[in-house]
Amino acid sequence: NKVYRYLLTFIDTVCHNSSMTKNARQTALDVLNDIFGNDAYANISLDRNLRDSELSTVDKAFVTALVYGVVSKKDLLEWHITPFLKKEPKPWAKMLLLLTVYQILFMDKVPTSAAVDEAVKIAKRRDGQATANFINAVLRNFMRSEHRNEEPKDWETKYSMPKLLLDKMVRQFGGKRTGEILESLEKPSHVSLRRIDPTVEISGTRASLLTESALIADSGNFAMTEEFQSGRITIQDETSQLVAPQLDLEGTEEVLDACAAPGGKSTHMAQYLTSGHITALDLYDHKLDLINQNAERQHVADKITTQKADATMIFEEFGSDKFDRILVDAPCSGIGLIRRKPDIRYRKESSDFVDLQKIQLEILNSASKSLKKSGIMVYSTCTIFDEENFDVVRQFLESHPNFEQVEISSDKADMIKEGCIFITPEMYHTDGFFIAKFKKIGE
């Protein structure tokens, strides 16, 4: 009997710890611990954990909402629980508290009792009754306190925005516009689709204000639709769809996409080509595979050749006067993507912006030598900071007198600045984005 009871206890422990019985909140906790404990990227950790789970579609969506919610409000959540901590808990236990407080404060459809009870169960399974009692006590004290109805006065805490980025925003945009940007980032992203088949109509979507190629939806898993699988639509932010038209493609050009993965802009440019061709570069094989997969699904694989290459060595790879058009969608800080990738904010140091600017200029310099005379080169980023955008344009033009800037025009005058497209997240509820255009006027 003792042996039998021991086996039952052992089986129960194994089941509790197996991924087969792992629930949505436990999965979300594992992802959050991976992000903040192992410096994992949120999207990669989420994909890995959800792919290996047996959670339902609804539960997977719940996990995703929990993870991105906690990441985007981490400092605010810590502010809420700090008054109730007599000592610093273990990192995983603190993350469990943040996860639960997020549900209480920001997920109206989640019963508070369910969130608290599940947190206590997770703590007990992980570390025993004492830790479960601690988690329960902190949460109960938090719920009884008026502190839960208060909000911090400083933006750094209120918007969980690191001081480095907040200070940069205020210096560049001033306090009023910075506040508008931060407030806009609190609202969920839209889903943005690009119509490959211009006649396609998708239920639950509406027309974009920025480009005729885009459809917008408040939510939805469009990657599972027949239209996506058959290559009639793809998922691409509205601002990103503004790039391909700036290449002035007539159909026969030799085009270089210098930093092409995952291939959204390459495949968009390919739609404009007849006999023309695109060479799409990236440093990594798995990213080149993504470009090829996207090209196949969108039926433009015959117009795109992928090649593993360093974009700072374009001239060394291809020589001079090789391409009619070049797109440099440069590596950047990605600050314009914070709404969709909230963990970006925790990965930046002041030196990053200097280093990135150097790389951006190196790529433009190398690419410029491989552009034919009278050719067009477009430079784009998904960041909102001047040193990666307007400063790069000025420095490139100062050191390349054989190039001139081509001023971009639009019926949306608010998104044009100094002849460039410059969109910040609050303007159209999109990613932040920048596009500049150059023409080679001499050798």
**Study point:** Residue, least open to solvent (accessible area, probe 1.4 Å), within the stretch 411-443, restricted to residues that are assigned to a helix (DSSP H, G or I) and charged (D, E, K, R)
**Key:** Glu426
Practice item. Give the number of residues within the stretch 154-165 that are open to solvent by 20 Å² or more (accessible area, probe 1.4 Å) and either aliphatic (A, V, I, L, M) or in contact with an Asp or Glu (Cβ under 9 Å, 6 or more places away or on another chain) (or both). Key: 6
Point to revise | Leu182 under 19 Å from Ser333 (Cα atoms), open to solvent by 30 Å² or more (accessible area, probe 1.4 Å) and either outside any loop (DSSP other than H, G, I, E, B) or of a type in the set (A, V, I, L, M, F, W, C) (or both) | key: no
Practice item. Quick one: in the stretch 21-65, of everything that is assigned to a helix (DSSP H, G or I) and of a type in the set (Lys, Arg), which residue is nearest to the chain's Cα centre (by Cα)? Key: Arg48
Exercise for review: Would you check if there is a residue in the stretch 223-231 being hydrophobic (A, V, I, L, M, F, W, C), at pLDDT 95 or above and open to solvent by less than 10 Å² (accessible area, probe 1.4 Å)?
Suggested key: no
Exercise for review: Name the one entry in Leu193, Leu209 that is under 29 Å from Phe106 (Cβ atoms), open to solvent by 20 Å² or more (accessible area, probe 1.4 Å), in contact (Cβ under 8 Å) with a residue 40 or more places away in the chain and among the aliphatic types (A, V, I, L, M).
Suggested key: Leu209
Check your understanding: On the given criteria, is Lys265 closer than 24 Å to Ile423 by Cβ and at pLDDT 95 or above?
Key -> yes
Point to revise | When residues of the stretch 369-383 are limited to those that are in a loop (DSSP other than H, G, I, E, B) and not β-branched (Val, Ile, Thr), the one surrounded by the most Cβ atoms within 10 Å (Cβ to Cβ) | key: Cys382
Review point. What is the one condition in (1) farther than 23 Å from Trp155 by Cα; (2) exposed (fewer than 14 other Cβ atoms within 10 Å of the Cβ); (3) not hydrophobic (A, V, I, L, M, F, W, C) that Thr82 does not satisfy?
Key: (1)
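The rows are residues; the columns are (1) in contact with a Lys or Arg (Cβ under 8 Å, 6 or more places away or on another chain); (2) open to solvent by 10 Å² or more (accessible area, probe 1.4 Å).
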site: Met313; (1), (2): no, yes
site: Asp329; (1), (2): yes, yes
site: Ile338; (1), (2): yes, no
site: Arg347; (1), (2): no, yes
site: Gln357; (1), (2): no, yes
site: Ala367; (1), (2): no, no
site: Phe385; (1), (2): yes, no
site: Val392; (1), (2): no, no
site: Ser409; (1), (2): no, yes
Review point. Cβ-Cβ below 9 Å, separation at least six or inter-chain, first residue in the stretch 260-273 and free of Cβ contacts under 8 Å to residues at least 24 places away in the same chain, second open to solvent by less than 30 Å² (accessible area, probe 1.4 Å) and part of a helix (DSSP H, G or I): which pairs?
Key: none
Review point. Only one residue in Ser208, Ser184, Ser192, Ser203 is under 15 Å from Ile233 (Cα atoms), within 17 Å of the chain's Cα centre (by Cα) and not β-branched (Val, Ile, Thr), so which one is that?
Key: Ser192
**Study point:** Tally, over the stretch 287-301, of residues that are part of a helix (DSSP H, G or I) and either under 9 Å from Gly263 (Cβ atoms) or under 21 Å from the mean Cα position of the chain (by Cα) (or both)
**Key:** 9
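The values are calculated or read from the model by the stated rules, or taken from the named source; none is laboratory data. Here the structure is a predicted model, which is why all the values come from computation and not from measurement. Cβ coordinates were reconstructed from backbone atoms using ideal geometry, including for glycine residues, and neighbour counts include every protein chain displayed. The area values use the complete protein model at the heavy-atom level, side chains included, leaving out ligands, DNA and RNA. Shrake-Rupley method; radii C 1.70, N 1.55, O 1.52, S 1.80 Å.
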